[in-house]
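This report concerns only the one structure given below.
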Amino acid sequence: MTFKELKLDERLLEGLDAIGFEKATPIQEFAIPKIIEGVDLIACAQTGTGKTGAFILPVLHKIAQLPDEARHLNTLVITPTRELAIQIDQQVEGLSYFTGVSSIPVYGGGDGDTFITQKRALEAGADLVIATPGRLIALMNSDKVDFSKLQHLILDEADRMLDMGFLSDILRISSQLPENRQTLLFSATMPPQIRQLANKILKNPEQINIAISKPAKGIKQQAYVVYDTQKLPLLTAILKDDTFKSIIVFSSSKENVKNIERELNKHKLGARGFSSDLDQSAREELMNQFKGGKVRVLIGTDIISRGIDVTGIDLVVNYDCPPDPEDYIHRIGRTARAGSAGTAITLINQKDQRKFFRIESLIGDDIPKMEIPKDLGEGPAYTPEKKSGGNFKSKGDSNGKKPFNKGKGGYKGKPKSNNYKGNRNSGSSSSPKSQ
């Protein structure tokens, strides 16, 4: 179903179109009409299913249609971490660009100036507040937050908040909000404590259960575990394989796109960067060149992972690990379309190992780890379960063991059955996201 079919506000549709979103994910398709209708909702959905859009879009739709005199602090979103609060605020900013809806992220950490800045921002007013529980309570105690006209309370990653000991904070916050509000609870899992919480703060809720989507069967998925310094040489080596005729490379930033384009073209690999800096006519011309085979390698950020309609793409490379499973699936879904076959390769540096492990867990696949060409040196071991405090063992510090054993098959390299042991029980762990 398209967002237009969901009858969202035209200004929201304009924002969605600008960032390349056209079709709703299953949870968005089910949740958006229910939330617009005004019912309380429990949604059991993993990170990566598009759950953030599922609650943000209908709320923005409702706020955008209010007359100016009825605008006030309308919606409170409570999240477990500052990172998630910031991420949701950024998504609100992008989606609401044409609506004039405002939002404020409120989270702990920082110094006293941060607290003062957040307090002043709340005093100035906003349509949405996205907050962590502890900092929100501190601000509520200062009597600087007026929730008397609040319409929506949204709990995101509720199971994670309970795991972190925020149950009493959530109950305290909800007790100070209007009783006639709409309450939405999103959780990756549904343990008894979540149901007990729902019974206390929701009224006759409807429930939605959504499983994460899976990559197409025709995609051969591979990964290389690398140091950052090995990424460009490895990418160059992969793309020198002329069996790949049409290639998309995804990177996390426009700056990386430029660097990759420059390096690949030193080797005459026919690469062009695609970014939001290009005007519409330049984008269309570049896409036509790519479709026509005049450009072999198209490099871009996630702006090209959605809405691009090009058949015959042989290879997708994630130069940087996607932030979550939904982005991973959308990226690699550019290949193996209409029943064809294709290859998807992800380059995983040390800091992204946990992120990639979560992707594997949530999509239910152990993706083969390939052997780096010998002339590039040995890469780090793939030990995401051993990550602690953001630090991995340094190069060469692996108890004298090589990170992987040789196996069979793959792109010019070989997969490894390595020291990595997938733990599918960790699939309920959740990382900030969304869509």
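A straight Cα-to-Cα reach below 13 Å connects Lys144 with the aspartates and glutamates Glu123, residues fewer than 8 places away in its own chain not being considered.
Of Thr75, Thr311, the sequence from fewest to most neighbouring Cβ atoms within 10 angstrom is Thr311, Thr75.
Lys and Arg at +1, Asp and Glu at -1: add these up for the other residues within a Cβ distance under 10 Å of Ile137 and post the number. Spelling it out: positives minus negatives among the neighbours equals +1. Electrostatic tally near Asp89: other residues with Cβ closer than 13 Å to its Cβ, Lys and Arg +1, Asp and Glu -1, net -3. Which pairs, out of Lys23/Lys149; Lys119/Lys254; Lys119/Lys149; Lys240/Lys351; Lys23/Lys217, put more than 25 Å between their alpha-carbon atoms? With Cα atoms farther than 25 Å apart: Lys23/Lys149; Lys119/Lys254; Lys240/Lys351.
Could you compute the net charge surrounding Gly293? Neighbours are other residues with a C-beta less than 15 Å from the C-beta of Gly293; K and R count +1, D and E count -1. Cβ neighbours under 15 Å give a net charge of +2. Ordering 295-302, 201-208 by mean Cβ neighbour count within 10 Å, with the highest value first, yields 295-302, 201-208. In terms of the mean number of neighbouring beta-carbon atoms within 10 Å, the peptides 334-346, 153-165 order highest first as 153-165, 334-346. As a rough footprinting exposure proxy, the listed residues Asp324, Asp375, Asp89 were ranked by other beta carbons within 10 Å of their own, and the order from fewest upward is Asp375, Asp89, Asp324. State whether the stretch 10-210 is rounded, prolate or oblate according to the following rule on the C-alpha gyration tensor (a ≥ b ≥ c being the square roots of its eigenvalues): a/c under 1.5 gives rounded; otherwise a/b larger than b/c gives prolate, and the remaining case gives oblate. Verdict is rounded for the stretch 10-210. Projecting label points 7 angstrom from Cα along Cα→Cβ for Glu37 and Leu376 puts them 5.1 nm apart. Segment Lys268..Glu93, full-extension length gain: 59.1 nm, with 0.36 nm per residue of separation and the alpha-carbon distance subtracted.
Read the figures in this text as sums done on the coordinates, not as results from a lab. Model, not experiment: these values are computed from the prediction. Counting neighbours? That spans all protein chains shown, and the Cβs are built from the backbone with ideal geometry, glycine included.
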